[in-house]
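To keep things clear, I will list the structure first and then write my remarks on it.
The numbers here are math on the coordinates, done by the rules we state, and not lab data. Remember, it's a predicted structure, so these values are computed and weren't measured experimentally. Cβ: placed from backbone, ideal geometry, glycine included. Neighbour counts: every protein chain shown.
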Amino acid sequence: MESTLQALGGILLKAIPTIVLLLIVFVYLRWMFFGPLEKILAERRDASSGAIRSAEAILAKAEQTAADIEARLRKARDEMYQEQEAARREWTTAQAGQLDQARHQSHELVRQAREQLASETESAKRELAATADSLAEQIARSFLGRNAA
């Protein structure tokens, strides 16, 4: 067993320069390669996260602007609808006034026509009454003239 330990000790003794060399390579790589690489990666991460934050801020501003534009559009639409409603009410009122005026004129025309008809009827009755008397006299003469003959 002692020979095994001596062989193992010899192997370890021969491995010491390799271990030291590996440690030197590790420190060298850490200092020359991984350190700058980590620094560059950190800068890149900071830059990309800054760009992400900037993009999020721009997106939030764009959403706010879109909301403002939508609010202004809604307000403009409401004003337009109110103007249309006012114009419609005005038109309806004007139309109702014209209808009332036309109705009044037609009632006046009907009243005048009735008055004219009544006066014409009265004059026709008077004419008929006057004509009836003369016709009655003619009829009576003609009967009396026949009876006398």
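What order do you get for M80, M1 when you list them from fewest to most C-beta neighbours inside 10 Å?
In increasing order of surrounding Cβ atoms, one gets M1, M80.
Dividing the Cα radius of gyration by the Kirkwood radius, what Rg/Rh value follows for the range 1-49?
1.45
Can you tell me the FRET efficiency between E108 and R141 if r is taken as the Cβ-Cβ distance and R0 is 41 Å, rounded to the nearest 0.05?
Efficiency computed from Cβ-Cβ geometry: 0.25.
Starting from the exponent 0.38 and prefactor 2.2 Å, build the expected Rg for the range 68-138 from its residue count and divide its actual Cα Rg by it.
Cα Rg divided by the expected 2.2 N^0.38 Å: 2.71.
Just to confirm a number: summing +1 for Lys and Arg and -1 for Asp and Glu over residues other than R30 whose beta-carbon lies under 14 angstrom from that of R30, what do you get?
0
Let me check I've understood the local charge: for A71, count other residues with C-beta under 14 angstrom from its C-beta, Lys and Arg +1, Asp and Glu -1. What total comes out?
Taking every Cβ under 14 Å from that of A71, the sum is -1.
Label points 7 Å out from Cα along the Cβ direction at Q116 and R30: separation in nm?
In this crude spin-label approximation the distance works out to 12.3 nm.
Using just the helices of the chain, give the 222 nm mean residue ellipticity in deg cm²/dmol: DSSP H runs with n ≥ 4 each add -39,500 (n - 2.57), and the total is spread over all residues, rounded to 500.
That comes out to -36500 deg cm²/dmol.
Which whole-Hz couplings ³J(HN,Hα) result when phi for each residue of the range 128-142 is put into the Karplus expression 6.51 cos²θ - 1.76 cosθ + 1.60, θ = phi - 60°, listed in order with x for Gly and Pro?
Listing the rounded values in order: 5, 5, 5, 5, 5, 5, 5, 5, 5, 5, 5, 5, 5, 5, 5 Hz.
Over the residues of the chain, compute the C-alpha Rg and express it relative to 2.2 N^0.38 Å.
Relative to the rule-of-thumb radius for its length, the chain sits at 4.15.
Could you pull out every one of the aspartates and glutamates with an alpha carbon less than 20 Å from that of K61, ignoring same-chain neighbours closer than 8 positions?
Once the sequence-local aspartates and glutamates are set aside, what remains near K61 is E70.
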